[in-house]
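One structure is given here, and the rest of the page talks about it.
The values are calculated or read from the model by the stated rules, or taken from the named source; none is laboratory data. All values derive from a computational prediction rather than experimental measurement. Every residue, glycine as well, gets a Cβ built from its backbone with ideal geometry; the counts of neighbours run over all protein chains shown.
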Amino acid sequence: MASIDLKEFQEKISTQFRPWQRSFQFWVRAADIYAGYKVFQIKVSFEKDVEKAEAMWERHHEYAADKIYNMCSDMGGFFLKVAQVVGKPDLAPAAWVRKLVTLCDQAPGTPSNVVRLVLEKELGRSVDEMFERFDWDPIGSASIAQVHRARIKGDKKDIVVKVQHPGVQDLMMTDLRNLQAFALCVQKTDLQFDFFSVCKEMEKQVNTNLSWSESVDCGFVPHRMLKGNRRHGVDYIMQAAGYEFDFTREADAMDRIRTFLSGSNIKTVVKVPRVIKDVVTRKVLAMEYIDGIPILNLKDEIIKRGIDPDGKIATAAKQNILKSLSLAYGHMILESGFFHADPHPGNILICKGSEKKAPPSVIMKSATLAVEHAAASDRNDRTCHHFQKFGIKVIGDRDISVN
């Protein structure tokens with residue numbers, strides 16, 4: 001017992017110093033990236049040939065993308081959420097997208113001794129008492145938690161155990177405040193919108209765990225660093241923050257979506273893992289293990305099987321996957337009104353062992369951000385307004401048609 005108390009004490013001391021360490025790391029790296037762009041702007045201004053200038057910009061974006069990737073990967077936490085949002089083709093330079101899209105499950109992991117402490121504190125039993133086998137090397141690690149393969153005693157099937165990183169909410173608050181300060185420094189000259197206020201709103205969402213998340217209508221217009229005057233993914237981050245720290249809500253959402261998609265009137269091969277009810281707390285969530293291929297690795301898997309990735313068979317398989325996901329989302333959004341709102345590549349797997357002639361089964365790994373759109377009566381008008389922007393005509397309280 002004394003050794004466990006000593007480990008807990010060491011972890012508490014480490015946790016208290018982590019925000020200061022993260023702040024220092026962020027400012028050193030952010031200043032380096034920003035200064036690099038400012039120096040490059042001066043350099044490229046002397047190039048009069050437009051095509052050569054564009055080529056120079058592309059090379060510098062690739063150079064900066066490596067630095068941004070390393071910063072987000074090393075620091076994890078909120079910066080992985082930033083990477084998920086910024087790494088979109090309609091928002092960031094192509095070089096950034098190619099690099100950042102691979103960050104889905106590559107956050108720094110929590111050490112096994114700390115994972116053991118979290119498990120035993122949350123579940124009230126020792127790991128050896130509860131599990132026949134527990135793989136301490138995580139299958140994947142993301143911004144909020146990491147997942148381990150395990151098997152409960154007396155059961156013959158493997159499960160996946162999701163364990164929240166200790167102190168992750170406080171670290172996200174630190175990250176947000178650093179972003180706020182950074183926004184104040186650069187938005188007057190390089191960002192043509194009030195990014196500081198957006199960061200303040202995100203801080204409110206993380207800190208209060210609100211049950212409803214407001215959408216933010218704002219353009220993302222950095223000077224040559226990010227593309228376009230578009231509505232971007234800030235609302236995605238805001239929705240994520242309030243729900244993801246409570247795994248009991250995630251378990252309820254998974255059950256609700258799984259029950260809906262497996263209903264007799266829904267013809268879809270999209271699957272949501274079954275929750276293991278006895279292993280669910282605010283910081284621990286267990287679900288059935290389903291063997292699958294990350295959707296980002298689909299091309300490599302197709303090549304491994306000796307199939308031309310650009311041929312008819314591969315094209316048909318990819319079309320079936322897209323059709324299956326589109327059908328599932330159509331039913332969730334338009335029929336149920338309760339849907340999985342975090343479909344980034346790290347949350348989508350393609351089932352192994354699918355029949356060659358049948359549509360590939362698609363697994364949705366997490367239902368953390370399932371949102372019921374008409375959850376509050378005072379939001380109905382705003383909900384109708386947003387549906388109409390997508391060409392969906394709201395007839396009554398529940399009747400919805402597509403124009």
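Count of segment 28-48 residues, restricted to those that are among the aromatic types (Phe, Trp, Tyr) and loosely packed, with under 14 Cβ neighbours inside 10 Å, is 1.
Answer yes or no as to whether Val270 is within 24 Å of the chain's Cα centre (by Cα) and modelled with pLDDT of 90 or more. Against the criterion (within 24 Å of the chain's Cα centre (by Cα) and modelled with pLDDT of 90 or more), Val270 does not qualify. Give the residue, chosen from Lys121, Lys156, that is part of a loop (DSSP other than H, G, I, E, B) and either at pLDDT 95 or above or surrounded by fewer than 19 Cβ atoms within 10 Å (Cβ to Cβ) (or both). The unique qualifying residue is Lys156. Restricting segment 282-301 to residues that are at pLDDT 90 or above and outside any strand (DSSP E or B), the residue that is nearest to Arg258 (Cα to Cα) is Tyr289. When the residues of segment 1-26 are narrowed to those that are among the aromatic types (Phe, Trp, Tyr) and surrounded by fewer than 14 Cβ atoms within 10 Å (Cβ to Cβ), which ends up modelled with the highest pLDDT? Looking at residues that are among the aromatic types (Phe, Trp, Tyr) and surrounded by fewer than 14 Cβ atoms within 10 Å (Cβ to Cβ), I get Phe24.
Of the numbered criteria (1) assigned to a helix (DSSP H, G or I); (2) modelled with pLDDT of 90 or more, the one Leu322 fails is (2).
For Arg177, state whether it is in a strand (DSSP E or B) and of a type in the set (D, E, K, R). So Arg177 does not fit the description; no. When segment 279-300 is filtered for residues that are touching a residue at least 40 places away in the same chain (Cβ under 8 Å) and farther than 18 Å from Asp246 by Cβ, the ones remaining, listed by number, are Glu288, Tyr289, Ile290, Asp291, Gly292, Ile293, Pro294, Ile295, Leu296, Leu298.
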